[in-house]
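Comments concern the structure below.
The values are calculated or read from the model by the stated rules, or taken from the named source; none is laboratory data. Everything numeric here is computed off the predicted structure, so don't read it as measured data. Quick note on the areas: whole protein, heavy atoms, side chains included, nothing else; ligands and nucleic acids left out. Shrake-Rupley method; radii C 1.70, N 1.55, O 1.52, S 1.80 Å.
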Amino acid sequence: MTLPRSSQISLDVTPYYHCVSRCVRRAFLGGRDSESGRDYEHRREWIENRIQQLAGIFALDIAAFAVMSNHYHVVLYIDKKSADKWSLAEVITRWEKLFRAPSLALRYLKGDTLDHCELEKLREVTAIWRERLIDISWFMRCLNESIAR
């Protein structure tokens with residue numbers, strides 16, 4: 001029986017994780033399809049660029065990766081200590097590179113004065129974002145979504 005990623009990952013044990021993602025229905029990720037003769041080699045560069053882009057946003061480093069014809073491997077180093085040091089502005093800025101930030105976060109980045117309740121709410125939201133920015137599942141989600149599109 002398979003287990004969810006969240007129950008398999010323990011940053012206290014090791015910060016390194018090997019992840020694999022496969023295509024369905026014999027779809028080609030990269031290389032030449034021998035049945036259709038179509039060449040998908042250009043996709044390898046797309047995937048490599050996306051991996052590097054996400055590594056600059058998330059609190060993780062890419063130790064290694066390989067893009068095969070119908071799947072890819074990536075070895076991740078999760079840098080939780082670095083993420084714990086990020087300011088609220090840093091978390092918002094990183095999150096905004098992936099998703100639309102709410103107006104409260106944008107006001108904070110502009111330097112607007114927030115009242116106590118707004119600041120507390122922003123701290124709650126950015127704590128969630130900080131956790132997601134060290135989460136392998138969120139990294140793989142962002143990577144696989146762009147590949148699927």
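Brief remarks follow.
- Only lysines eight or more places from LYS110 in sequence, or on another chain, were considered; those with a Cα closer than 18 Å are LYS97, LYS121.
- Where segment 14-110 is the region considered: accessible area per residue in Å², 1.4 Å probe: 61
- Heavy atoms of ILE134 accessible to a 1.4 Å probe, total area in Å² rounded to 10: 20
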